[in-house]
Amino acid sequence: TVQLIDPRFYHLDTCFCPLTDGAVIWYPGAFSDQARHDIHIALELRGSIEVTEIEARDFCCNAVEVGDTLIANRWSDRLKGLLAGRGYRTVEVDLSEFMKAGGAAKCLTLRLD
């Protein structure tokens, strides 16, 4: 269990995106000190990509992974480079209207696996 402390990031899908290679994309500012500590310990060997507040507000952590492709509302150039270095291709889809309701790409999916 991890505690979220920033009301703009009201559930885990808005600030934490696990990837199939074991790494995660996440916004540490959404989590309590204890949660950040616990996440760092858990991810020590897997790796993590920490996003900025601006990137998080663009809902980049609310992404969908399909093979080697990551789909999100918006990717910063910095994140595109980091993700490309891990072998990912990034795709942006304008989800601004859906974001008004509080969700983004991952919220529009239903996993069947």
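With all pairs of different alpha carbon atoms counted, what Kirkwood hydrodynamic radius in Å does segment 28-113 show? List each step's numbers first, then the result.
Working: mean 1/r = 0.0713 Å⁻¹.
Result for segment 28-113, one decimal place: 14.0 Å.
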(message) Could you work out the relative contact order of the chain? I mean the mean sequence separation of Cα pairs under 8 Å and 6+ apart, divided by the number of residues, in percent.
(response) 21 percent
(message) Which residue fluctuates most in the GNM of the chain (Cα springs below 10 Å): F59, F98, F16?
(response) F98
(request) Give the ranking of Y88, Y10 by solvent-accessible surface, highest area first, calculated with a 1.4 Å probe. (result) Y10, Y88
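Considering only DSSP beta bridges whose two residues both sit in the chain, what percent are antiparallel, to the nearest 5?
50 percent
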(request) Let me have the 222 nm mean residue ellipticity of the chain computed from DSSP H runs of 4+ only, each contributing -39500 (n - 2.57), with the sum over all residues rounded to the nearest 500. (result) -6500 deg cm²/dmol
(request) For segment 1-78, state which trypsin sites (Lys or Arg not before Pro) are in a DSSP loop and have at most 12 other beta carbons lying within 10 Å of their beta carbon. (result) R46
(message) Please give me, ordered by residue number, the GluC sites (Glu not before Pro) of segment 22-79 that lie in loop per DSSP and have at most 11 other Cβ atoms within 10 Å.
(response) E44
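The values are calculated or read from the model by the stated rules, or taken from the named source; none is laboratory data. All values reported here derive from a predicted model rather than from experimental measurement. Because the Cβ atoms are built from the backbone with ideal geometry, glycine has one as well, and the counts that use them run over all protein chains shown. With ligands, DNA and RNA removed, areas are computed over all heavy atoms of the protein, side chains included. Shrake-Rupley method; radii C 1.70, N 1.55, O 1.52, S 1.80 Å.
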